[in-house]
Amino acid sequence: MTEVLITAPCSDEVKRRLREFENSCVFSFGDRKSDIGDAEAVIGEPRTEKIRQAKSLKFIQMTWAGADIYTCDGAFPQGIRLATASGAFGGVISEYVVGAVLCLYRRFPEYIENQRSALWRDAGAERTLEGKTALILGTGDIGSNVAKRLSAFGTKNIGVRRTGAPAQYFEEIHTLSNLDSLLPQADLIIGCLPNTKETGHILDGKKFALMKSDALLINVGRGSLIDTPALTRALEERRIAGAVLDVLEKEPLAADSPLWSMPNVLITPHISGRGFGHDPATERKIWDICLENLRRYISGEEIINEIDFVRGY
């Protein structure tokens, strides 16, 4: 029997689903701070120090899409396999992106302020998505779902990925080496990349200088993609039109950050892809991947979304 520790939130429905493993697994439950003990597999995100103390651990199935909490500091023990729940979040995050863009394009924040003051007042010129060029950094589950939904509004989608291989819902695909020539074309720049050595601060002061003055930046990848002080300056100087930030370099964002008070910035607390306690459909997708990978691990089959520690994702 394989001992499995579950540190992720586990509903009664999920516990019922665990019965299919009753002949192969023994389950225990805890949280991120729990000792792993003799468990061979973990579903969740245990703390690195607990992983290093584990005696029999061979496999961790995360419930998140990003693995940078383990891959970026070099402290993750060798020999332990790691997989993410990538594939569960593309739909819900892409809805967030479309909703946020429309919110700013149609000037909803200003109308909300008007409503609070009982003002029947036109906020002025608006923008539409039709005909806009969306530069999507990352064409995986999240990026491809963003492109799919934007296509319905008539956008031209340009993707940036590690290789130049074609991808569905994109008119063009490029590598990061072409970024400088792509930024001046983009009305929307959408960050969907993981945190790796190659993606840190790929959007810095030089890159903001290449963007259109009416460009809108949206980041739902990792906060490390953006040089925050450079973004702040670009927004203050109106070098770009605005930003939607669900992820930041340091979370939570400091209370004295100028970003909080900028009328052209929408900030949310890393919630675009939340499943547990937020969206039952996404939560079910997370558990579908986790339990399928547990089955694969036990039967010796290929693991879905297994992390390549050389690439970092």
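No value in this document is a laboratory result; all are computed from the given coordinates. Quantities reported herein were computed from a predicted structural model and do not represent experimental measurements. All Cβ positions, even for glycine, are placed from backbone atoms using ideal geometry, and neighbour counts span all protein chains on display.
Treating each Cα of region 170-231 as an identical point scatterer and ignoring solvent, apply the Debye formula and state log10 I(q)/I(0) at q = 0.14, 0.18, 0.25, 0.28 Å⁻¹.
For region 170-231, the Cα-only Debye profile gives -0.36, -0.62, -1.26, -1.53.
With all pairs of different alpha carbon atoms counted, what Kirkwood hydrodynamic radius in Å does region 90-267 show? Provide the component values of the computation, followed by the final result.
Numbers: mean 1/r = 0.0607 Å⁻¹.
Taking the inverse mean of 1/r over all distinct Cα pairs, region 90-267 comes out at 16.5 Å.
Compute the distribution of all C-alpha to C-alpha distances in region 259-313, in bins of 10 Å from 0, and list the percent of pairs in each, rounded to whole numbers.
Bins of 10 Å from zero give 19, 27, 31, 16, 6, 1 percent of pairs.
Let me know the shape class of region 1-99, please: from the alpha-carbon gyration tensor, a ≥ b ≥ c as square roots of the eigenvalues, rounded when a/c is under 1.5, otherwise prolate if a/b is greater than b/c, or oblate.
Oblate is the answer for region 1-99, as a/c is 1.5 or above yet b/c matches or exceeds a/b.
Could you calculate the FRET efficiency of ARG47 with HIS270 from 1/(1 + (r/R0)^6), where r is the beta carbon distance between them and R0 is 22 Å, rounded to 0.05?
Rounded to the nearest 0.05, the efficiency is 0.75.
How much space per residue, in cubic angstrom, does the convex hull of the C-alpha atoms of the chain take up?
Once divided by residue count, the hull of the chain is 153 Å³.
So if I place +1 on the C-beta of Lys and Arg and -1 on the C-beta of Asp and Glu, and nothing else carries charge, what would the dipole magnitude of region 1-141 be about its Cα centre? I want it in debye, nearest 20.
Using only the charged Cβ atoms, the result is roughly 100 debye.
Using only DSSP helix segments of four residues or longer, with each worth -39500 (n - 2.57), what per-residue ellipticity at 222 nm results for the chain after dividing by its residue count and rounding to 500?
-8000 deg cm²/dmol
Comparing LEU217, LEU18, LEU188, which has the greatest mean-square fluctuation in the GNM of the chain with Cα pairs linked when under 10 Å apart?
Highest fluctuation among the options: LEU18.
Can you compute the charge dipole magnitude of region 90-267 about its Cα centre, using +1 on each Lys and Arg Cβ and -1 on each Asp and Glu Cβ, nothing else charged? Give it in debye, rounded to the nearest 20.
Working: 20 positive and 21 negative charges, 37 e Å.
The dipole magnitude comes to about 180 debye.
State, to one decimal in nm², a quarter of the convex hull surface area for the C-alpha atoms of region 20-71, i.e. the direction-averaged projected area.
Reported value for the Cα convex hull: 4.0 nm².
Most exposed first by the Cβ proxy, i.e. fewest other Cβ within 10 Å, how do PHE27, PHE89 rank?
Listing PHE27, PHE89 from fewest to most nearby Cβ atoms yields PHE27, PHE89.
If each of LEU119 and ILE80 carries a label point 7 Å out from its Cα toward its Cβ, how far apart are those two points in nm?
5.4
Size of the dipole of the chain about the Cα centre, Lys and Arg at +1 and Asp and Glu at -1 on the beta carbon, nothing else charged, in debye to 20?
Dipole size: approximately 200 debye.
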